[in-house]
1. Can you find, among L205, P150, G134, the residue sitting farthest towards the positive end of the charge dipole of the stretch 111-218, where Lys and Arg contribute +1 and Asp and Glu -1 at Cβ?
2. Going 7 Å from the Cα of E64 along its beta-carbon direction, which residues of the stretch 157-171 have the amide nitrogen within less than 15 Å of the resulting point?
3. Determine the sum of side-chain charges near E64: Lys and Arg each +1, Asp and Glu each -1, restricted to other residues whose C-beta is under 9 angstrom from that of E64.
4. Within 13 Å, Cβ to Cβ, of D137, how many net charges do the neighbouring residues add up to if Lys/Arg are +1 and Asp/Glu are -1?
5. Grab the beta carbon distance between W162 and E86, set R0 = 25 Å, and tell me the FRET efficiency rounded to 0.05.
6. Go through the stretch 171-176 residue by residue and turn each phi into a ³J(HN,Hα) via Karplus (6.51, -1.76, 1.60, θ = phi - 60°); whole Hz please, and just put x for glycine and proline.
7. Grab the other residues whose beta carbon is less than 12 angstrom from that of R165, score K and R as +1, D and E as -1, and report the net.
8. What full-extension length gain, to one decimal in nm, is calculated for N39 and F171 as 0.36 nm per residue of separation minus the Cα-Cα distance?
Amino acid sequence: MAGRDAAPRRGTGAAAASCGARGSQLNDTGIPVLHTTINPWRTVAAQMDDSALVVWLADLKIIETDADGDDQISPNTRAVASLMREAAERELALRRRARARKPGPTGGLPREHHQRLREEIARRLDLVALIREGVPDLRRSGASWRGRCPLHDDREPSLVVWPERGRWRCFGCGVGGDAVAWLLATRRELDYRAAVTYAALRAGLPAAAVVAWPSRKGGRP
Ligand SMILES: [Zn+2]
């Protein structure tokens, strides 16, 4: 467990930020150098990609809750872990908000067309069937479905799917979205365009819908 006990290593978050390489301030076990205020951790978090942040959060939860029963973890380390977690959670929340505000990628399609395509996919695609392929324990719970999230080390069913809305969200790691977002999060081999195309075809839309949409008065594809 010594690896989890983050000790001061080289550099500060700010110094690491200036050198530009992502994760350069992490030691070889992936544990960032120790800071006792939150701002350096926010700098560290800002340099990590989403999946690294999610993994980091999962580790931190274990430290904070002492879930593996390791009483070697000092209150001090736990306090720092708490700062790290706050920084990681804030960073993920910031990115989610930024993504929600910023017009997302459209795969080269005109924005209005793309918007309608995503809506049409959400309306037609069987999201429960899609997600169940990666979450075999997905079970109905009222109007929603719940299962263990494959995007983080989930010990309880944190993943919720709302088939009516065509949306899903994990209340453990915070990631969520529509069918295309699910494909992007879980199938690394798919780029954005491929994910939209796959989702459209799976939703029963003609391949042409991914390339062009009939004129506004032209009705459904
Ligand atoms: Zn999750």
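Values quoted throughout were computed directly from the atomic coordinates according to the rules given, and no laboratory measurement underlies them. What you see is a predicted model; the values in this text were computed from it and never measured. No Cβ is skipped: glycine too gets one built from the backbone with ideal geometry, and neighbour counts run over all protein chains shown.
1. L205
2. 171
3. +2
4. +3
5. Computed FRET efficiency for W162 and E86 comes out at 0.30.
6. Along the stretch 171-176, the couplings run 8, x, 9, x, 6, x Hz.
7. Net of charged neighbours comes to 0.
8. 45.0 nm
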